[in-house]
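Rule-based calculations on the coordinates, nothing more; no lab input. Every value quoted in this text rests on a predicted model; they were computed, and no experiment measured them. Virtual Cβ from ideal backbone geometry, glycine too; neighbours counted across all protein chains shown.
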Amino acid sequence: MKVDDHAVPLLKVQPVFRSRRARSRWHMTWLARRTVVLMDSDGATGVARGFGRWASRMARRWPGMVVLTLLVWRSRQTGKSLVVSFSDIDGLTAIDRSLGRRQASSVVEAMGVQLSAHVRPKGLVFRYGGDEWVCAMPNSELLTARQLMSQARAALLKAGGPTFTSGLVELQADDTPYSVVRRAEIEMLSGKAVG
């Protein structure tokens, strides 16, 4: 009886690590290989699609946060700055009520397109919530990031879209990927309260 090669189950070899640091390096290398497709793909849909068919059924937040974790790790290793922005569309509820959900969805996607056009290819753009987008800009200063957000806002207005409010923060030494996004969200909310 002949057994085909593909029918023989292959044993998975678990790597052996000498230290925790070696283990974390191996995991980050694996993550970097896995996220090359995500960083080079078009927009948030590409980010979700890069992790396979099941990821497209999930919220786009999780794959984006995985890539943001990688960017935070790279920023810590290289000592270079990382600016994170949290953006929210102004008056989307009114658009949804007056023009319908399909038009509101197209507005959200148009905002993602404008953010991607101005932040990429070096930055990361992903959808965080219903009408919320997170951008991560490595090797960037706050002033430069504010200019990019202003250009994206002007381009969206020129295309007939609504305005959006952004909060920008720089990565601190004690930040986690979730805490830096939360700080950017707080900054955005304070900007909405003032403006």
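For segment 172-182, take each phi angle, set θ = phi - 60°, evaluate the Karplus expression 6.51 cos²θ - 1.76 cosθ + 1.60, and give the result in whole Hz per residue in order, putting x for glycine and proline.
9, 5, 9, 7, 9, x, 6, 6, 5, 5, 5
Distance in nm between label sites at Y178 and L157, each 7 Å beyond Cα in the beta-carbon direction?
If labels sit at Y178 and L157, their model points lie 3.6 nm apart.
Would you order W133, W26 from fewest to most other beta-carbon atoms within 10 Å of each residue's own beta-carbon?
Ordered from fewest to most neighbouring Cβ atoms within 10 Å, W133, W26 come out as W26, W133.
Report the normalised scattering of segment 99-164 as log10 I(q)/I(0) at q = 0.17, 0.22, 0.27, 0.28 Å⁻¹, calculated by the Debye formula with identical scatterers on the alpha carbons.
Summing over Cα pairs of segment 99-164 leads to -0.57, -0.92, -1.26, -1.32.
Within 10 Å of each candidate Cβ there may be at most 12 other Cβ atoms; applying that plus a DSSP loop requirement, which GluC sites (Glu not before Pro) in segment 82-149 survive?
Sites meeting the loop and neighbour criteria: E141.
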